[in-house]
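Asks: Structure incoming, see below.
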There are 2 protein chains.
Amino acid sequence: MTHARPAGQHTVRRHNSALVLGAIAESPGISRAGVAARTGLTKATVSSLVDRLVAASLLTDAGPERRDGPGRRGTSLSLSPRGPHGLGVEIAVDYVSTCLVDLTGAVHHHRTRPCDNRSQPVGRVLTRVAKAVDTALGDAAARGVDVGGVGIAVPGLVETSSGLLRLAPNLGWRDVDLPAELRRRSALPGDGVLVGNEANYAALAELWAGGHDGLRDFVHVSGEIGIGAGIVIEGALFDGTRGFGGELGHFAVSSRGPRCSCGARGCLERLAGQEAILDRAAAPDLDVLVERLEAGERTATAAVRGAADWLGAALSSVLNLLDVPAVVLGGTYARLHPWLADPLASHLSGRVMGAPWSPVSVLRSALGTEAAVRGAAASAVRTIIADPDAYIAPR
Amino acid sequence: MTHARPAGQHTVRRHNSALVLGAIAESPGISRAGVAARTGLTKATVSSLVDRLVAASLLTDAGPERRDGPGRRGTSLSLSPRGPHGLGVEIAVDYVSTCLVDLTGAVHHHRTRPCDNRSQPVGRVLTRVAKAVDTALGDAAARGVDVGGVGIAVPGLVETSSGLLRLAPNLGWRDVDLPAELRRRSALPGDGVLVGNEANYAALAELWAGGHDGLRDFVHVSGEIGIGAGIVIEGALFDGTRGFGGELGHFAVSSRGPRCSCGARGCLERLAGQEAILDRAAAPDLDVLVERLEAGERTATAAVRGAADWLGAALSSVLNLLDVPAVVLGGTYARLHPWLADPLASHLSGRVMGAPWSPVSVLRSALGTEAAVRGAAASAVRTIIADPDAYIAPR
DNA sequence: CCGATAAGTTCAGGCACCAAACTTATTTCC
DNA sequence: GGAAATAAGTTTGGTGCCTGAACTTATCGG
């Protein structure tokens, strides 16, 4: 009820266009008649809507359907791979990456440029990002496809209302208007540019491409330098009032413990973050740690088990609060999944109130470090699928 | 996109009816022209929709508007106090209460029946509840008003999808279908019966009647025997996937601490619940504790400050996760607000990442123990306001 | 008492959906 | 090989709801 808009016939068309496109996205190759049956619209209406979507090159009318039995064959409908693409951009601490995704979710042009963004002034980093954006846009142009939207993933707090990057502690940035800055330095479009937190985008990538068959409610935990959480509920990202949600790293999990950069003590990040685990296992890096875990070394397994306990304490609280039935481990934790999952799961099933009705599952992220860029690109594309008229109308 | 329905003209009318009714609910006494300006609909459309809503006795066409300057006066529109009412029922551990609320939110017939529901078999309690329901329905009938919806508040986990009360630990109940059981024993209507958690309903009551001027995002913490939280975001209740959300009592706030009934250690409930505070202050009950606090006694203030620290640890985590800018203290904590608020606020402002952009406020619940029933009744009424056509159409 | 201003109503027009009849394509069976 | 059966997709007429503009009603200022 924030400020709802009045509805008219155009609203109906808009809603139904999205409904039709969504049905086709969920079951590619479906016929007009199939869409009508699935959506509850009449065949006449579906035909009219599909024509519009085909004209806007969001759909393609591939050949006839294969089916047994009598009757005319329908024409298979699918999202058009020649329709608008989504561009994903990730500004991480030690790299900049871009990727281009079509409506079906297929990835073209994925490219990562390692570089140290921490030690550079903001302007210099933005110039580098702008160059990456222009390269990707050039690629799309060469391919002859339209870029219908852009998603930018950053490791920091992004205010949903303004799109401003409010704070990126690990980059040392504050109050940066990324779309404006990049428009000044590149051919970034003025419309359809999204900015979001990398952990949130990674969670969305997991939702759309993770292959955890139909899982629509989970908490995605990505442990890198910090610990971020992306909360997905009923297939939608939950990011709080201003978009600052999901800050799991500073969960107060103990009253003591080392002092954190945020000023407090007992933050999860300090107790179960990558650095803490490596320290306690006395391992120089993750690869060595994994080797030692595979060899079954005592100190290594104990360190991971300790982290599992702290993580379990934090996540049990999260699950009790949000009533979410699954945890997906990403980032560093994805690699540690074989050793983390069982102790974590047993910790959670003991402490989560809803567990008796549906046990908590602890899954492993299927995507690697690409998750965030891909989520950003896919978000841009999903925006079009969720409201095709917004894309069609201005043209 | 769970399974969206197709839209047609009726959808448009439905949406706009809600829009008009909502505008009038937000600013009672507004004229048709005013509604048109606020909603963006034309005067013609507003007139037509208002006529329908008046015919359904959801709106009243009170006398002319008062205003300076030239021009015809509009007719004041308000929610009709003779329209459908909402019935609230609360089944607590030591009482059953009912209340009747009209569309404007005014409370008629509030009644509380003390009784010990813990020591009685389910059937006996339900019979008592049924009697209370029938009395309230009789009251509504005597008044000549329609009961358009019923909300039932219970201290337990309610599954949103089925409406089943899955578990009420303090009542010792499990898997009870309250609407069905009560329909068997009373004149409870078959349609429009909601079941929900008392903490969630209390939070909603606070949202609608709490008078925290326009506050639409907060966590309502009600400390009684357990500790429950109601999360309100953008004016809507957030209760997780299955409706089990908001379980704050078993937040893992320490790795040690006394063993809890849930089997774990370090649950917030055991460390900062009413019982824990009284124990540490060596006070026999809440009244005595408050007296001692007012007298400034050391043990009493220390006990409350200790609870504030534990609460702060849990709530800072919640606020980081959900990005909500305010905490409302209800139940026991409302009485302790003068002593809890400051330490809690300073704790939170230190640990919440978003605090620099909008300081966290710690408010006191304006409603007493009535909050839950009133929230339940108001929910029933709000359901009608949010979708008047669903109420009008079947008639 | 008239002109200006604003609220509320009436009515033709358009748009999107629906139902039903119709056309087209394919299989099945004689 | 041809007719009946079945199913996909299109065409057409009808209905509901919103809009814009003209119109009626009510009130104030001079």
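Every read-out reported here was derived from the displayed coordinates using simple, explicitly stated rules and does not represent laboratory data. Keep in mind the model is a prediction, meaning the values are calculated, not measured. Here Cβ is always computed from backbone atoms with ideal geometry, including for glycine, and neighbour counts include all displayed protein chains.
Asks: With viscosity set to 1.567 mPa s and temperature to 4 °C, compute the Stokes-Einstein D of the range A:233-308, Rh being the Kirkwood radius across alpha carbon pairs; µm²/s, no decimals. Numbers along the way, then the final one.
Replies: Working: Rh = 14.1 Å.
Once the numbers are plugged in, D ends up at 92 µm²/s.
Asks: At a Cα cut-off below 15 Å, give the aspartates and glutamates reachable from B:Lys43, other chains included and same-chain residues fewer than 8 away excluded.
Replies: List returned: B:Asp51.
Asks: Against the empirical 2.2 N^0.38 Å scaling, what ratio does the C-alpha Rg of the range B:9-79 come to? Mind dumping the intermediate values first?
Replies: Numbers: Rg = 11.7 Å, N = 71, 2.2 N^0.38 = 11.1 Å.
Its radius of gyration relative to the 2.2 N^0.38 Å reference: 1.05.
Asks: I'd like to compare B:272-284, B:149-161: which one has the highest average count of other Cβ atoms within 10 Å, and what's the full order after that?
Replies: Put in order of decreasing packing, that is B:149-161, B:272-284.
Asks: Any idea what the B:Gly69 label distances to the other copies are, label 7 Å down the Cα→Cβ vector, nm, shortest first?
Replies: 6.7
Asks: Please compute, for the alpha-carbon atoms of the range B:281-320, the extent along each of the three principal axes and give them in descending order in Å.
Replies: That works out to 35, 17, 15 Å along the principal axes.
Asks: Would you work out the charge dipole size for the range B:249-351 about its Cα centre, treating the Cβ of every Lys and Arg as +1 and the Cβ of every Asp and Glu as -1, and quote it to the nearest 20 debye?
Replies: On the way: 10 positive and 11 negative charges, 90 e Å.
In debye, rounded to 20, the range B:249-351 gives about 440.
Asks: Suppose R0 equals 35 Å; then what is the FRET efficiency for B:Ser27 and B:Val93 from their Cβ-Cβ distance, rounded to the nearest 0.05? Can you show the working numbers first?
Replies: Details: r = 40 Å, r/R0 = 1.14.
After rounding to 0.05, the efficiency reads 0.30.
Asks: So, R0 is 56 Å and r is the distance between the beta-carbons of A:Asp51 and B:Arg265; what FRET efficiency does that work out to, to 0.05? List each step's numbers first, then the result.
Replies: Numbers: r = 64 Å, r/R0 = 1.14.
Rounded to the nearest 0.05, the efficiency is 0.30.
Asks: Sort all Cα-Cα distances of chain A into consecutive 20 angstrom bins from zero, then give the percent of pairs in each bin up to the one containing the longest distance.
Replies: Pair shares across the bins are 26, 52, 21, 1.
Asks: What is the magnitude of the charge dipole of the protein assembly as shown about its Cα centre, with +1 placed on the Cβ of each Lys and Arg, -1 on the Cβ of each Asp and Glu, and no other charges, expressed in debye to the nearest 20? Don't skip to the end; give the middle numbers.
Replies: Numbers: 80 positive and 78 negative charges, 298 e Å.
Value, rounded to 20: 1420 debye.
Asks: When all alpha-carbon pairs of the protein assembly as shown are counted, what percent fall beyond 40 Å?
Replies: Working: 130912 of 311655 pairs.
It works out to 42 percent of all Cα pairs.
Asks: May I ask you to work out the translational diffusion coefficient for the range A:41-107 at 25 °C, viscosity 0.890 mPa s, via Stokes-Einstein with Rh from the Kirkwood sum over Cα pairs, reported in whole µm²/s? Mind showing how you got there, number by number?
Replies: Values: Rh = 14.6 Å.
Once the numbers are plugged in, D ends up at 168 µm²/s.
Asks: In nanometres, what is the gap between the two model label sites at A:Arg118 and B:Asp285, each 7 Å from Cα along Cα-to-Cβ?
Replies: 5.9 nm
Asks: Separate question: When each copy gets a label point 7 Å from Cα toward the beta-carbon at B:Ala302, what are the spacings between them in nm, shortest first?
Replies: 3.7
Asks: Name the residues of the range A:6-45 whose amide N is less than 16 Å from a point 7 angstrom out from the Cα of A:Ala386 along the C-beta direction?
Replies: A:15-23, A:25-26
Asks: Give the Debye-formula value of log10 I(q)/I(0) at each listed q (0.18 Å⁻¹), with one equal scatterer per alpha carbon of the range B:49-200, two decimals each.
Replies: -1.03
Asks: For the charge dipole of chain B, defined by +1 on Lys and Arg C-beta atoms and -1 on Asp and Glu C-beta atoms about the Cα centroid, which residue among B:Ser346, B:Ser379, B:Pro121 has the Cα displaced farthest towards the positive pole?
Replies: B:Ser379
Asks: Taking the radius of gyration and the Kirkwood hydrodynamic radius from Cα positions alone, what is the Rg/Rh ratio for the range A:101-152, to two decimal places? All intermediate terms of the calculation are to be shown ahead of the outcome.
Replies: Numbers: Rg = 13.0 Å, Rh = 12.6 Å.
Over the Cα atoms of the range A:101-152, Rg/Rh equals 1.03.
Asks: Still on this structure: Between B:Asp175 and B:Arg5, take the C-beta separation as r, use R0 = 25 Å, and let me know the FRET efficiency to the nearest 0.05.
Replies: On the way: r = 30 Å, r/R0 = 1.22.
The computed FRET efficiency comes out at 0.25.
Asks: Also, quick follow-up: Rank A:Val195, A:Val221, A:Leu79 by how far each Cα sits towards the positive end of the charge dipole of chain A (+1 on Lys, Arg Cβ; -1 on Asp, Glu Cβ) and give me just the farthest.
Replies: My answer, from the dipole projection, is A:Leu79.
Asks: Which listed residue (B:Pro359, B:Ala264, B:Ala36) has the Cα farthest towards the positive end of the charge dipole for chain B, taking +1 on Lys and Arg C-beta and -1 on Asp and Glu C-beta about the Cα centre?
Replies: Final value for the positive-end residue is B:Ala36.
Asks: Want the number for B:Ala366 to B:Ala187: 0.36 nm per residue separation, take away the alpha-carbon distance, what's left? Don't jump to the answer; show the numbers that get you there.
Replies: Details: separation 179, 0.36 × 179 = 64.44 nm, distance 3.29 nm.
Result for the pair: 61.1 nm of gain on full extension.
Asks: Find out how many positive minus negative residues lie around B:Asn170, taking Lys and Arg as positive, Asp and Glu as negative, among other residues whose Cβ is under 11 Å from that of B:Asn170.
Replies: Details: positive: B:Arg118; negative: B:Asp94, B:Glu198, B:Glu224.
My count for the surroundings of B:Asn170 gives -2.
Asks: Ok, one more. If you take each beta carbon of peptide A:261-268 and count the beta carbons of other chains within 10 angstrom, what is the mean?
Replies: Values: counts 0, 5, 2, 5, 1, 5, 4, 1.
For this peptide, the per-residue mean of nearby foreign Cβ atoms is 3.
Asks: What percentages, rounded to whole numbers, describe P(r) for the range A:211-366 computed over all alpha carbon pairs with 5 Å bin width beginning at zero?
Replies: Taking every Cα pair in the range A:211-366, the percentages come to 2, 10, 19, 23, 21, 15, 8, 3, 0, 0.
Asks: What does the convex hull of the Cα atoms come to per residue for the range A:1-119, in Å³? Show your work: numbers first, answer last.
Replies: Values: hull volume 19.3 nm³, N = 119.
With only Cα atoms used, the range A:1-119 gives 162 Å³ per residue.
Asks: Computed from the mean reciprocal separation of all distinct C-alpha pairs, what Kirkwood hydrodynamic radius does the range B:162-290 have, in Å? List each step's numbers first, then the result.
Replies: On the way: mean 1/r = 0.0593 Å⁻¹.
That comes to 16.9 Å for the range B:162-290.
Asks: Report, as an integer, the average count of C-beta atoms from other chains found within 10 Å of each Cβ along A:322-328.
Replies: Details: counts 12, 12, 5, 4, 1, 0, 0.
Across the residues of A:322-328, the mean count of other-chain Cβ atoms within 10 Å is 5.
Asks: Going by average Cβ density within 10 Å per residue, which order do the peptides A:254-263, B:62-71, A:44-53, A:114-123 take, highest to lowest?
Replies: Ranked by mean Cβ neighbours within 10 Å, highest first: A:44-53, A:254-263, A:114-123, B:62-71.
Asks: Still on this structure: Going out from 0 in 10 Å bins, what whole percent of all Cα-Cα distances in the range B:337-395 drops into each bin?
Replies: Once binned at 10 Å, the Cα pair distances of the range B:337-395 give 18, 24, 22, 23, 10, 2.
Asks: If you place +1 on the Cβ of every Lys and Arg, -1 on the Cβ of every Asp and Glu, and leave all else neutral, what size is the dipole of chain B about its Cα centre, to the nearest 20 Debye? It would help to have the intermediate numbers written out before the result.
Replies: Values: 40 positive and 39 negative charges, 157 e Å.
For this selection, approximately 760 debye.
Asks: For B:Ala372, what is the net charge nearby, where nearby means another residue's Cβ is under 11 Å from its Cβ and Lys, Arg count +1, Asp, Glu -1? Intermediate values should be presented prior to the final figure.
Replies: Details: positive: B:Arg374; negative: B:Glu90, B:Glu198, B:Glu206, B:Glu224, B:Glu370.
Neighbourhood net charge equals -4.
Asks: Considering every residue in A:350-359, what mean count of other chain Cβ atoms within 10 Å of its Cβ is obtained?
Replies: Mean number of neighbouring Cβ atoms from other chains: 5.
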